[in-house]
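Heads up: the structure comes next, in structure tokens.
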Amino acid sequence: MVMKAERKTPHSELMKARHDFIKLIRDFYYASGYLEVETPNLIKTSAPDPNIEPLKVYINDKGPFFLHTSPEMGMKKLLHGHERIFQVCKVYRVEEHEEIHNTEFTMLEWYREGTYLDAMNEVEDLISYVVDHFPTADRSRFTRPWQIYDLAELFIKETDINPFEFDREALFLGMQGKGFMGIDHKDTWNDLFFKLFIQEVEPRIPKEAPYFIKDWPLSVSTMAKRKDANRVERFELYINGLEIANGYTELLDASEQRQRFVKDNSERMASGKQTFVIDEEFVDVLGKLQGPYAGVSIGVDRLLMVLLRKDRIEDVLVERLTI
């Protein structure tokens, strides 16, 4: 009897690509001595990040509960006795459905002993390993070492303004004095910072190879260790102009973490957003950890977009909910 050849569909090819890709990620961490963990997707309270909105869930007449926007808080609770842990999971954020965003997406997150500098090296190790073993990856674009930019130095080079040296009013006047037109009197310091970065700095960075940008503002990095008065030990990785990874040395000071959560809730209240009960178990765990620890999250779908040479996140999702 003649057997018919299996007919491949675009979905089956994508399923195989995702399988191979995620298997390579797991292989890397297993070989590096990491323990794979699982934390709850459904949680009682969320981190009060002013810029991220979780999805609400009601169970019968109880709630709201929330779908996690990141496994970060759950994973840090597991760090006692386990110095290296990782997780690949679905996360959920209220996002506009567009080329690089989706409400549900896949995240790789890991924690290890060391600082954000150690974590940057490991990001290079991971992605280089995946690229070397992934059939369609363009290896020529991932030659190591990758460029590391200091964020303040980038601002000075491209705009002659170092926003870390100014409060909100001084930054507004400085941008206004240089003829920057896209600003408004209602803009916060963070608004001004990101407008300057997105419009004047990031577009001028060469994009032929991956690059890191390190030492971000304290005001947008609630759970990262302080580097100085206004900056934290945090990095972002960009490939093809896409933010792929975000990592930092972890803040392990329970008192400071609680204060930052209170400040975030105040910002949320001021902008008319829901506030969140502080997870005291999480804060208590931080005070007991002996660091330093570093954590990293990678957008799995975005990295797969790079490796498959796709421009839209929907092209690497087997199915996508239409909203």
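What follows is calculated from the coordinates using simple rules that are stated; it is not laboratory data. In this text, all values refer to a predicted model and were calculated from it rather than measured experimentally. Quick reminder, even Gly has a Cβ in these numbers, built from the backbone with ideal geometry, and neighbours come from all protein chains shown.
With 0.36 nm allotted per residue and the present C-alpha distance subtracted, the M269-S140 stretch has 41.6 nm of extension available. In the range 87-226, the alpha-carbon atoms span a convex hull of 164 Å³ per residue. Using the Kirkwood radius over Cα pairs, work out the Stokes-Einstein diffusion coefficient for the chain at 20 °C and 1.002 mPa s, in µm²/s as a whole number. Estimated via Stokes-Einstein, D reaches 101 µm²/s.
The sum of -39500 (n - 2.57) across all DSSP H runs of n ≥ 4, divided by the residue count of the chain, sets its helix-only mean residue ellipticity at 222 nm to -10500 deg cm²/dmol. Note on the range 237-290: along the principal axes its Cα atoms extend 39, 37, 14 Å, ordered by decreasing extent.
The simple Förster model, with R0 at 22 Å and r as the Cβ-Cβ distance, assigns K56 and K90 a FRET efficiency of 0.85.
Note on D125/V262: beta-carbon distance plugged into 1/(1 + (r/R0)^6) with R0 of 35 Å gives a FRET efficiency of 0.40. Across the chain, the mean sequence separation of Cα contacts (distance under 8 Å, 6 or more residues apart), normalised by length, yields a relative contact order of 22 percent. Calculated FRET efficiency, E38 to D311, Cβ-Cβ distance, R0 = 22 Å: about 0.10 to the nearest 0.05. Using 0.36 nm per residue and subtracting the Cα-Cα separation, the extra length available between Q147 and M15 on full extension is 44.2 nm. Given their separation in residues at 0.36 nm each and the Cα-Cα distance between them, E98 and S255 gain 52.7 nm when the chain is fully extended. Legend: residue pairs K225/K263; K195/K227; K44/K77, Cα-Cα distance threshold 18 Å; pairs beyond threshold, K195/K227.
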